[in-house]
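Structure first, commentary second.
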Amino acid sequence: MTTGERIRELRLKQGLSQGKLGDFVGCSGQVISNIERGYTGSNSDVIGRIAAHFHVPAGYLLGLSDVNWRPDNNGSDPAIISARIKSRLDELGIQQGVLQIRSGIPPVDFEAYCAGEARPDVAALAALAKALETTIDYLIGNSIYPTAVMSEDEEDMVLYFRTMSKSEKRIYMGMLEGRNIKTQGN
């Protein structure tokens, strides 16, 4: 099966027109038609967005794999993810535009995630988590802690550590290493 045939099959399963799929992935229906018919080569950016829309690996669309599913958290609610994104933006004091650039997520998808209109796939969640200095578990609502910690005390330590200058961090880490050496010797 060709890339175009796979895209067409997925599109028809969802009852989408070529124009509607094009709207979802940020191109025209004609581009989708040309890919489906094999008239044009597949642009990796467009293929990536189509794969993300259908929640399948890009390798499946390209015929590199017959696995047409991608593990992601089906229980995560787009509204929860949107609220967590906004909360982290406020905590970090950055604008959505800056986050979009840092995450590398296409603007159309990014806006849908921030508005709670779409659920990001695992790759998008990972990019958002990294750019927001948090974890995927926090973004999808599996953890109440925005940092990868087990308690409020640990979270406070991590957040304080992040505010230190580079030299303060070196001194602090040196103190911890010195403590470990003394403890190991006793």
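The values are calculated or read from the model by the stated rules, or taken from the named source; none is laboratory data. Here the structure is a predicted model, which is why all the values come from computation and not from measurement. Please note: Cβ atoms are built from the backbone with ideal geometry, for glycine as well, and neighbour counts cover all protein chains shown.
Applying the selection to the range 133-158, what residues are modelled with pLDDT under 80 and either touching a helix residue (DSSP H, G or I) at 6+ places or on another chain (Cβ under 9 Å) or assigned to a loop (DSSP other than H, G, I, E, B) (or both)?
Passing the criteria: Asp137, Gly141, Asn142, Ser143, Ile144, Tyr145, Thr147, Ala148, Val149, Met150, Ser151.
Across the range 26-59, which residue is nearest to Ala123 (Cα to Cα) among those that are assigned to a loop (DSSP other than H, G, I, E, B) and β-branched (Val, Ile, Thr)?
Val56
List the number of the failed condition for Ile80; all other conditions in (1) outside any helix (DSSP H, G or I); (2) at pLDDT 80 or above; (3) within 26 Å of His55 (Cβ to Cβ) hold.
With respect to (1) outside any helix (DSSP H, G or I); (2) at pLDDT 80 or above; (3) within 26 Å of His55 (Cβ to Cβ), Ile80 is out only on (1).
Report whether or not Glu9 is at pLDDT 90 or above and surrounded by fewer than 19 Cβ atoms within 10 Å (Cβ to Cβ).
Yes.
Considering only the range 159-186, state which residues are modelled with pLDDT of 65 or more and not in a helix (DSSP H, G or I).
The answer is Met164, Ser165.
Could we say that Ile144 is surrounded by fewer than 17 Cβ atoms within 10 Å (Cβ to Cβ) and within 17 Å of Asp77 (Cβ to Cβ) here?
Taking the combined requirement at face value, the residue satisfies it.
Go over the candidates Asp109, Asp23 one by one and state the one that is at pLDDT 90 or above, closer than 17 Å to Ala123 by Cα and of a type in the set (Asp, Glu).
Of the residues listed, the single one that is at pLDDT 90 or above, closer than 17 Å to Ala123 by Cα and of a type in the set (Asp, Glu) is Asp109.
Can you tell me which residue among Gly93, Gly48, Gly38 is of a type in the set (Gly, Ala, Ser), modelled with pLDDT of 80 or more, outside the structural domain of Ala112 (by TED's automatic domain parsing) and exposed (fewer than 15 other Cβ atoms within 10 Å of the Cβ)?
Gly38
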